[in-house]
Amino acid sequence: MDIEWGTLGGVFGVSLGITIVVVVMFSLGIAARARAAGEPRPARALPRRGRERWAMVVSAVCFAACLAVAGYGIDLIIPG
């Protein structure tokens, strides 16, 4: 039995990269959700309601991306 170290290293690298991306996306989703909840911020160009709406959209996209990655991983593990 022979181990292909290059392939094993590639799998490790991809796994590490995807893990970092999912953690960052989830963290951005939490930060956007907190902003949408109405944290006090100084006035900017967008009205407050517009910023809250965009924060909710960003939060939903981040959480959907995390859910998609998790679903794809489960699909790879469970044959069907």
For the chain, longest principal axis from Cα atoms; helix 48-77 axis from its Cα atoms; angle between them, nearest 10 degrees, is 10
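Rg(Cα) of the chain divided by 2.2 N^0.38 Å?
Numbers: Rg = 18.6 Å, N = 80, 2.2 N^0.38 = 11.6 Å.
Compared with the compact-globule rule of thumb, the chain sits at 1.60.
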Over the chain, with neighbouring protein chains present, the accessible area per residue in Å² at probe 1.4 Å is 80
Ranking Val21, Tyr72, Val61 by how far each Cα lies towards the positive end of the charge dipole of the chain (+1 on Lys and Arg Cβ, -1 on Asp and Glu Cβ), the top one is Val61
Excluding ligands, DNA and RNA, the carbon-plus-sulfur percentage of the accessible area of the chain with a 1.4 Å probe reads 74
Full extension between Arg51 and Ile18 adds, at 0.36 nm per residue less the Cα distance, a length in nm of 9.0 nm
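The values are calculated or read from the model by the stated rules, or taken from the named source; none is laboratory data. Fair warning: this is a prediction, and the values are worked out from it, not measured in the lab. Because the Cβ atoms are built from the backbone with ideal geometry, glycine has one as well, and the counts that use them run over all protein chains shown. The protein model used for the area step is the full one, side chains on, heavy atoms only, and it has no ligands, DNA or RNA in it. Shrake-Rupley method; radii C 1.70, N 1.55, O 1.52, S 1.80 Å.
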